[in-house]
Amino acid sequence: MNGSALVVGLGLNGLGVVRSLAAAGIRVHAFDDTMGPYTATRHGTKARAPLAGEGLVEALAAYRARLDHDPVLLLTREDSVATVAANRDRIAGYRIAMPDRDVVEAMVNKDRFMPIAARAGLSVPRTVTLRSADVLALLDTLTPPLIVKPSEHVAAYQARFKKAYVFDSAADAAPMIPDMLAAAGELVAQEYVPGDDGSVFFCLGYFGAESDMLAAYTGYKTASWPPRVGGTAGCAPAPEAHARLAAETQAFFAAARFQGMGSLEFKRHAITGAFIMIEPTACRTDYQSELATLNGVNLPAVQFADQMRLPLPDAQPKHRFGWRDPGAVASGAVVPKSGSGWRAVDALWRADDPGPWFSVGGNRIARKLGLAGQR
């Protein structure tokens, strides 16, 4: 196949992207800042490079200078998205599926995407934005329990705090808010939608230049880690919810005049059964995006074909496989191995690509031996 793809970031997310592209016969190269265990995949070539900031801009320019064609750029991290959006005029010679910078910035801010959701007619939790401890009274305008999280991903916050916190009352939240604000700069507090982790659904999609959904797949979380507020530990197909959630996802991204890789997370209200939009992911693959590829909808291959002006790959959705993060399981997450009509695939292990699994396992053993040697 003519052309190639560059994947920025080879964590578990990026590993799924590289495998998806390779499965479609697409030549792929990947940047990783640590050259960690996921670079042990047999697919594609790899190089050490910064994944954000000026270092990424320079690495992109240096890599492009070695090629005789414009590669398709696929991103897997929010900081990479922010860097590319802010430096589009300096990143030449790449095929990039991304809207204008103001749209990208609205998408990654948990306060600024709310007006887009309202224009699309989507239900969202009641939310207030906290920019200083002086506005804690705003918490009293919400009905508890409350979920509090940073408006955007901030490294200083992530180094000290969990992804989000659920509080039973405004009084319970108040003592933590000043320290959280100091690290994050801005927080959002929302009314917590009742329901367990299995109530969290998502629609993964890719959108063309006219904001048209070219492919999509819908799933739900079988477990989160940490429970209630963490990332995806396991997920499975949700075909019964696809028609509705795909329509709402299309409406949201059309209202934003968006193009590129995008997904929406929803939560089904435990009492009313209504689907409430929680947040979008924009211009990058989601952590669990490989679920779509495993079930016949190869979104990275769709992005490649769209950007290369090639016929889109035939998507034949099936609903036989779930996805299970072994790292979350090792940390304590209880993730089912099967469900109604599906069995979970280990996100790391592949019989035809065992290198990352062995590399992660070797690192884990080394750490344990190191701890044992210190006792």
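Please get the size of the charge dipole for region 4-99, origin at its Cα centre, with Cβ charges of +1 on Lys and Arg and -1 on Asp and Glu, quoted in debye to the nearest 20.
My answer is approximately 340 debye.
Taking H as built 1.01 Å from N, whose amide H comes closer than 5 Å to the amide H of Ala5, not counting residues under 5 places away?
Arg27, Val28, His29, Val72
Towards the positive end of the charge dipole of the chain, with charges on Cβ (+1 Lys, Arg; -1 Asp, Glu), say which of Gly260, Leu294, Ala351 has the farthest Cα.
Looking along the dipole axis, the top candidate is Ala351.
So how do Arg95, Arg66 line up by other beta-carbon neighbours within 10 Å, fewest first?
The order, fewest Cβ neighbours first, is Arg66, Arg95.
Just to confirm a number: summing +1 for Lys and Arg and -1 for Asp and Glu over residues other than Pro115 whose beta-carbon lies under 15 angstrom from that of Pro115, what do you get?
+1
If R0 is 56 Å, what FRET efficiency do you get for Trp349 and Asp140 from their C-beta distance, rounded to 0.05?
0.70
Using the Karplus curve 6.51 cos²θ - 1.76 cosθ + 1.60 with θ = phi - 60°, work out ³J(HN,Hα) for each residue of region 362-368 in order, rounded to whole Hz, and write x for Gly and Pro.
These are the phi-based 3J(HN,Hα) values: x, 5, 5, 5, 4, 5, 5 Hz.
Going toward the positive end of the dipole of region 126-191, with +1 on Lys and Arg Cβ and -1 on Asp and Glu Cβ, which of Pro175, Pro150, Ala189 do you reach last?
It is Pro150.
Using per-residue counts of other Cβ atoms within 10 Å, averaged over each peptide, order 129-136, 70-77 from highest down.
70-77, 129-136
Counting only residues 5 or more places away or on other chains, whose amide H sits under 5 Å from the amide H of Arg343 once H atoms are built in the peptide plane?
Amide H neighbours of Arg343: Phe321, Gly322.
When a/c is below 1.5 the answer is rounded, else prolate if a/b is larger than b/c, else oblate, so apply that to region 1-80 with a ≥ b ≥ c taken from the square roots of the Cα gyration tensor eigenvalues.
oblate
Which value, in debye to the nearest 20, gives the size of the charge dipole of the chain about its Cα centre, when Lys and Arg are +1 and Asp and Glu are -1 at the Cβ?
1080
Which one, Gly208, Ala47, Leu369, is farthest towards the positive end of the dipole of the chain when Lys and Arg carry +1 and Asp and Glu -1 on their Cβ?
The residue sitting farthest along the positive end of the dipole is Leu369.
Tell me, what ³J(HN,Hα) does each residue in region 18-28 have, in order and in whole Hz, if you take phi through Karplus 6.51 cos²θ - 1.76 cosθ + 1.60 with θ = phi - 60° and put x for Gly and Pro?
Calculated HN-Hα couplings, in order: 4, 5, 5, 5, 4, 4, 8, x, 9, 5, 9 Hz.
List the lysines whose Cα lies under 21 Å from the Cα of Lys318, skipping any in the same chain that are fewer than 8 positions away.
Reachable lysines: Lys221, Lys337.
Rule-based calculations on the coordinates, nothing more; no lab input. Note that the structure is a prediction, hence the values are computed from the model and not measured. Reconstructed Cβ throughout: ideal geometry from the backbone, glycine too, with neighbour counts over all protein chains shown.
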